[in-house]
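The structure appears right after this line, and notes come after that.
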Amino acid sequence: MANILIIEDDDIMLKAIKNILGKAGYNVITAKDGKEAFDQMENADYDVVVTDLMMPYANGLEVVSRLRGDATKRHVSIIVVSSVGNEETITEAFRLGADDYLKKPIMAGELLIRIKKLLDNRANHSKLVTKKK
Amino acid sequence: MFSGLTQLLFQAYESFGVLDLFIQIALAFIFIALFATIIAYSVILYKRWKAYAEEKRMNFIRPKIEEMITEQVLINENLEKVPVDEIEFDPAALNDNIYKTPWVRQMVIETIISYRKNFRGEVGELLRKLYIDMGLTKDSFDKMKSIRWEKKIKAVGELTQMDIQISDVTILPLTNSTNPSLRAAARNAYIQLSKNEPFKFFDVATEPILPWDQLELFKIITTTKDIAIPNFSRWVSYSTNKSVVSFCLKLIAHYDQQSAIPAVMDLLNNKDHYFRADAINCLGKLTAEAAEERMVRIYNTQPIYCQLEILKALGRIGSGKHLDFLKSEFLFSSNFDVRMNAARSIIKHNTPASRALIDDLKETSHDENRLIISHCQNPLIKY
Amino acid sequence: MKAIARFFSSGVFWETVGEFYQHGVFIYGTSLLLAYGMLAIMSLISIRRYIKRNSTADLNILVESPLAPGISVIAPAFNESVTIVQNVRSLLTFNYPKYEVIIINDGSTDDTLEKLIAEFEMQLCEYAFRATLNCQPIKRVYKSTNPAYEKLLVIDKVNGKSKADASNAGINLSSYEYFLCTDVDCILEKDTLLKLIKPFMDEETTKIKEVGTPCEECGFQHIVEDFKRVIATGATLRMVNSCDVDGGLITRVRPPRRFLPRFQEMEYIRAFVLGKMGWDLINSVPNVSGGLGMFDKEIAVKAGGYDSKSFGEDMDLITRMCSLMKANDRKYAVRYVPETLCWTEGPTTLKVFGRQRSRWARGLAQIMSIHRKILFNPRFGRLGLIVFPYNFFFELLAPLIEFTGILYYIYLIWTGQINWPYAIILIIFVYTYSVMITTLALLWDQITFKYYKTWGEVIGLCAMAFLEPFVYHPLILFFSLKGYFNFITGRKHVWGNMQRQGFGNQAKKKTEPNPA
């Protein structure tokens, strides 16, 4: 099953997403701040990263930019989940290469569907690539 | 023995009376100071001990509450299969004895609220059902009866967070409270919960709405489901309360209420120039092409804030009709900010004509103007 | 004639003078102590008010809101190569939706700038700005090419030998309507911006009315909300010396282990929690500390920004901002937050500490002499009738009176005129009272925010209250007098050669914010 990294500094939210995604059958790894996130990103390979924006050590945009800047991790799908609602921040996140932006409060069902969609897209995409070969 | 002691005290008192006034004062203060110091240390001791005990209790209870909510709500099997109203919780989990203690109940309320801040949709609805089914509504209403205003605010906050109806009879008197924080909280609750005429208080507000309250109101108005958004131009035209009008201008811009443009344009005649600046800003955000002509015409008679706002608005509207005006402001104004905003607005047009104009200006300008153009063209610089 | 001469040479005259002096000092001392007592009570009221008001407010609303006002964070750096990257990183992770971070490289001689450029992918930019405030020339401006660091702006300027000069450069290039002044080596709490901007937005207002004369620019009379404009806010500072710090974040708060900084921690708590919060109640905060303060840019710029020649530039700016408001007949407020939002490094050696304190004392003397027309001037309202008199009598004159008092006592002992029981009672009086005041400050701090984890830490800090009058206070007295001496002698030099003044070490140890 897919590996998902959740980066979130609010403890309650972190556990909640972990439980919800865990129940949906994903393999979930958590990080509670930017530093842990970078460590976890080094340690393993993920299919999807769900990140908050404002958190200690490094903000979510840095996480996105680091993932997109690293050739070995560029394929990872990124969903930003944040309470920040101003337009500039949202467009900035997309410009850096986030695949989706969910504003808190989120709908759990929506998060699951979006994750699934991103994973399906990638599966299709890789199928196409292998077919071409 | 006893008489001996009395004697001694009496003697001490006698000699105290003989002392200088200064020394008497000093002695009195020494005792006060010693006493206060001892009390202070006792309070520190007690408070720390209490906080320690409380924390220990909380650390014991918190995981239980979180586990209960996780099981009953977050990973509830019936979620998204059965309508939320029909989902039943496990009575055993909810009726645990620990949920009978008042402070644990308060903690449950707070935990549910923090989950609600993160989740809406089905999960949010189910959290609300949990709150109701555990009878926590009563806890909140009880707090409403407290004489302490901060408790009342807390109660109002909890009930609005949970989307529970509060009758007008209960909430309306609070909107006239002498305490400003309570007043604001009650007003917010009224807007969020009242189904008929949520914006009534805009008509009657005589006091300024503080910026902080505007934030809260803005959030409530923009996030509450099924709130009927009125045409805010009503208050722009008729309210005499300055903060209501400027708040409505922000809402008009947010909801892009094009039909409000004439009412906002009327404000261009207003005698208060901070007001006019707000109105111009709003017109720019509405990209009101109809207002361009008028703004350019009044430009020369305006104070500097309004001039800058007009330049910004022209950039936002970007019709291209007034590029010459922007160009002449850029070339001939002696004010740095005017030139800066003119350049930025020309660039913002982003049409072939404006691009040509900028290239031309860049070639012919002197040092500072060229620097301004490069500054405004640089995508890394936002302002 | 002879009679008069005899009168002067006789003991009677000197006795009268001595008695007069003694009484004067006693009255002075008692009123000082009473003032402290009043502050203790006022601060308790205003701290409780703060807590009540904020227990019900949700700061997160500000994070989500598109209406959040923008804030420019201004942090000068001089030779901070070792810690710069981490500290800037932590400035970039504030919990706030709309802000920029402006780092001013104040002519560092090490590789501070190079490190910033490399780490944050900075690029040289053509930057147009208007030098509204005086500062040394700005050489280069950098922005990051990585959108993750788009909030960051780095300015490289010629060293102006003072923090004031560097801050002015930052203000010149700032683009938002509020600015936060801090130091690169201070560690800030991540909610700092939220907590400091809030007082600007929820100052209670009264009615709306039409005020003032017709406007010069448009000829109409304006409808103005009769509101108090908050012009600056500040918060408590503490010592970072023994705290656990990880990647620019405090992970565990501890009072300093070494004595000198631990005394300072106690002093800061007293000055902020008891002093500033007490003044906050009657809207007479004298100063927003240079280590952490948020300002209304429009007012700060109109007041002329920081004065790079001042030794107490933070208090100088607040004084000018307040008198500007007063001169325009506008209501204003300076607000304080009792929570600790900033941790700063306290000097650990006597040499550095002494230099810092002498500079503060000199700064105070300078401000009192520059703004002397404010003292007792009713036109300046609270500033002239409360803030300045208090600072004049109880901050500026205190060391002088104390010093002469000590000399007088020595004279009395020498000549055998001293009344020992009385003298001892008086000393006990002052001692117990000062211990009480410090203890109360620590208590207010403890009942509101629990920063320390263990008993030992609290006791260790409380012990300082008992030692302070013997150890720490004499040091402060000495360094203050030294500062005044520098002020008096320094001023004579000023006419000749401004440049030659002892700014030498200021650039490095420019950071310590004056809690007084």
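Below are the figures for this structure:
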item: Shielded by partner chains, the stretch A:1-41 residues - at least 10 Å² of accessible area, 1.4 Å probe, vs chain alone; result: A:9, A:10, A:12, A:13, A:15, A:16, A:19, A:20, A:23, A:35
item: Entries in B:219/C:297; B:242/B:271; B:250/B:312; C:198/C:302; B:100/B:143; B:327/C:297 that, when Cα-Cα distance is taken, lie over 18 Å; result: B:219/C:297; C:198/C:302; B:327/C:297
item: Largest to smallest principal axis extent of the C-alpha atoms in the stretch B:31-134, angstrom; result: 72, 26, 18
item: Unit Cα scatterers, Debye sum, the stretch C:71-217: log10 I(q)/I(0) for q = 0.14 Å⁻¹; result: -0.67
item: Selected from B:243, B:194, B:365 as most flexible by GNM, with chain B as the system and alpha-carbon contacts under 10 Å; result: B:365
item: Peptides ranked, highest mean first, by Cβ atoms within 10 Å: ranges A:111-120, C:70-79; result: C:70-79, A:111-120
item: Within a Gaussian network of chain B (alpha carbon springs, distance under 10 Å), most fluctuating of B:138, B:312, B:56; result: B:56
item: Chain B: angle of helix B:352-364 to the longest principal axis, Cα-based, in degrees nearest 10; result: 90 degrees
item: Of all accessible heavy-atom area on the stretch C:282-361, the percent that carbon and sulfur account for (1.4 Å); result: 52 percent
item: Above-threshold pairs, the threshold being 19 Å between Cα atoms, out of C:161/C:309; B:117/B:138; B:117/B:225; A:117/B:117; C:98/C:195; B:154/C:228; result: B:117/B:138; A:117/B:117; B:154/C:228
item: Per-selection metrics, the stretch B:92-152 (Cα): Rg and Dmax in Å; result: 12.4, 36
item: Accessible area buried at the B-A interface, both sides summed, 1.4 Å probe (Å², nearest 100); result: 1500 Å²
item: Value of Rg to Rh for the stretch B:132-181 (Rh from inverse mean 1/r over Cα pairs, i.e. Kirkwood); result: 0.95
item: For chain C, projected area of the alpha-carbon convex hull averaged over all directions, nm²; result: 29.6 nm²
item: Bins of 10 Å from zero: percent of alpha-carbon pairs in the protein assembly as shown; result: 2, 9, 16, 21, 21, 15, 8, 4, 2, 1, 0, 0, 0
item: Shape metrics for the stretch A:7-133, restricted to C-alpha atoms - Rg then Dmax, Å; result: 14.3, 46
item: Solvent-accessible area per residue, Å², over the stretch B:31-134 with all protein chains present [probe radius 1.4 Å]; result: 56 Å²
item: Rg(Cα)/(2.2 N^0.38 Å) for the stretch C:138-183, N = residue count; result: 1.22
item: Helix-derived mean residue ellipticity, 222 nm - over the protein assembly as shown, DSSP H n ≥ 4, -39500 (n - 2.57), to 500; result: -18000 deg cm²/dmol
item: Kirkwood-Stokes translational diffusion coefficient of the stretch B:50-89, alpha-carbon pairs, 10 °C, 1.306 mPa s, µm²/s; result: 134 µm²/s
item: Of every Cα-Cα pair in the stretch B:252-365, the percent that sits beyond 16 Å; result: 56 percent
item: Equivalent ellipsoid semi-axes - Cα gyration tensor, the stretch C:240-293, angstrom; result: 26, 14, 9
item: C-alpha center-to-center spacing [the stretch C:259-323, the stretch C:334-355] in angstrom; result: 12 Å
item: Over chain A, relative contact order from alpha-carbon pairs under 8 Å, at least 6 apart, %; result: 20 percent
item: Candidates B:372, B:147, B:32, ranked by Gaussian network fluctuation over chain B, Cα under 10 Å, top entry; result: B:32
item: Helix axis angle, B:242-255 relative to chain B longest principal axis, alpha carbon, degrees; result: 70 degrees
item: Peptide B:178-184, shielding by other chains (average Cβ, 10 Å cutoff); result: 2
item: Average beta-carbon neighbours from other chains, 10 Å sphere, peptide C:36-42; result: 1
item: Percentage relative contact order, the stretch B:31-134, counting C-alpha pairs under 8 Å, at least six apart; result: 29 percent
item: Cβ crowding within 10 Å averaged over residues, with B:165-171, B:105-111 ranked highest first; result: B:105-111, B:165-171
item: Kirkwood-type radius of chain B, with distances r between different C-alpha atoms, in Å; result: 27.2 Å
item: In sequence order, calculated HN-Hα J values of the stretch C:298-304 (Karplus, 6.51, -1.76, 1.60; Hz; x Gly/Pro); result: 4, 5, 4, 5, 4, 6, x
item: Relative contact order of chain B, defined on C-alpha pairs under 8 angstrom at six or more residues apart (%); result: 6 percent
item: The stretch B:296-341-the stretch C:33-62 distance, computed between alpha-carbon centres (Å); result: 46 Å
item: Amide H within-cut-off set for residue A:50, under 5 Å, with H built and near neighbours excluded; result: A:5, A:6, A:7, A:79
item: Pairwise burial B:C, computed as accessible area of each alone minus the pair, summed, 1.4 Å, Å²; result: 6200 Å²
item: Radius of gyration and maximum dimension Dmax of the stretch C:316-448, Cα, Å; result: 19.6, 58
item: Within 10 Å of each Cβ in B:140-153, the average number of Cβ atoms from other chains; result: 1
item: Globularity index of the stretch C:322-378, i.e. its alpha-carbon radius of gyration over 2.2 N^0.38 Å; result: 1.63
item: Where chain A is the region considered: accessible area per residue in Å², 1.4 Å probe; result: 46 Å²
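The values are calculated or read from the model by the stated rules, or taken from the named source; none is laboratory data. Predicted model, so just to flag it, every value in this text is computed and none were measured. Cβ: placed from backbone, ideal geometry, glycine included. Neighbour counts: every protein chain shown. The area values use the complete protein model at the heavy-atom level, side chains included, leaving out ligands, DNA and RNA. Shrake-Rupley method; radii C 1.70, N 1.55, O 1.52, S 1.80 Å.
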